[in-house]
Each structure stands twice: as structure tokens, then as C-alpha cells.
Amino acid sequence: QVQLVEAGGGLVQAGGSLRLSCAASRSIFSAYTVGWYRQAPGKQRELVARITPGGTTNSADSVKGRFTISRDNAKNTVYLQMNRLKPDDTAVYYCYAGNTWNNVWGQGTRVTVSS
């Protein structure tokens, strides 16, 4: 079973930046779409950004132009660079890897943006 381990969350002031990382326990990017979801208190989990095996990326309208998803195949790691953070970005961020046969989630990392 693939395991995902996130890192990089924390407390940051509005306008600041953070980079999240998600390390997979083995090479999966050629077979899995990987991405980031987030869940704010009292809200449903929502997609932030994802990248397909072919390298196509898409992201939520709320983060376009501020967040960038990327991956390092050699390190089996996917990143989420978050710039110009807003208080509304406060949430637990979850790494996700999925395909037709399997869905895997990380344990989550908390991001808090203070105003």
C-alpha cells in the first residue's frame, strides 16, 4: 500500500508563503493523479490542485495565480507552493493519490494564516 507523508504546514501571516511537500513511499506518479485537498473548520473537503500522470495540472479558482503544484519524480514527492496566503486559506491540507483502483490519503498538515 502506498503511504503519503506531508510536511510544511504552519502559521504564517497573510501575504506570506509556505511550501507543502508530500512524499510517497514508492514511485507512483506514472500511475496516479496526485494532488492536494483542504478542509477548513465546518466546511467540506475541497480540491486545491492536482497533477495527472501526464503532467497536466489544474487548480481551484480560489488559488489560481497564487498556488502552484509540482512534482519531483526522482524524489517521489509532490509540492504545493502557496504564495500570497489569505486567512481563507486556513485549513488542514491533505495529500492525495488516486487512480481507477486505489485512493490514498496522507494524514494532513495544518496551515493557519493570520490576518
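The values are calculated or read from the model by the stated rules, or taken from the named source; none is laboratory data. Values in this document were obtained by computation on a predicted structure and should not be read as measured data. In this analysis, Cβ positions are derived from the backbone assuming ideal geometry, glycine residues included, and neighbour counts consider all displayed protein chains. What goes into the accessible areas is simple: the full protein's heavy atoms, side chains included, and nothing from ligands, DNA or RNA. Shrake-Rupley method; radii C 1.70, N 1.55, O 1.52, S 1.80 Å.
Largest accessible area first, the residues THR52, THR57 order themselves as THR57, THR52 under a 1.4 Å probe with ligands, DNA and RNA left out.
A Förster distance of 41 Å, applied to the separation of the beta-carbon atoms of VAL2 and ARG84, puts the FRET efficiency at 0.80. Here the chain is scanned for trypsin sites (Lys or Arg not before Pro) in DSSP loops (not H, G, I, E, B) that have at most 11 other Cβ atoms within 10 Å, and the longest stretch holding none of them is 65-115. Give, as a single signed number, the net charge of other residues whose beta carbon lies under 13 Å from the beta carbon of LYS43, with Lys and Arg counted +1 and Asp and Glu -1. Local charge sum for LYS43: -1.
For the chain, the solvent-accessible area works out to 54 Å² per residue, with a probe of 1.4 Å and every protein chain left in place.
Other residues whose C-beta falls under 11 angstrom from the C-beta of VAL63 contribute a net charge of +1, scoring Lys and Arg +1 and Asp and Glu -1.
The accessible surface of the chain, taken with every protein chain in place and a 1.4 Å probe, is 46 percent carbon and sulfur.
Computed with every protein chain present, the accessible area of LEU47 is close to 50 Å² [probe 1.4 Å]. The percentage of C-alpha pairs in the chain whose separation is greater than 21 Å is 30%.
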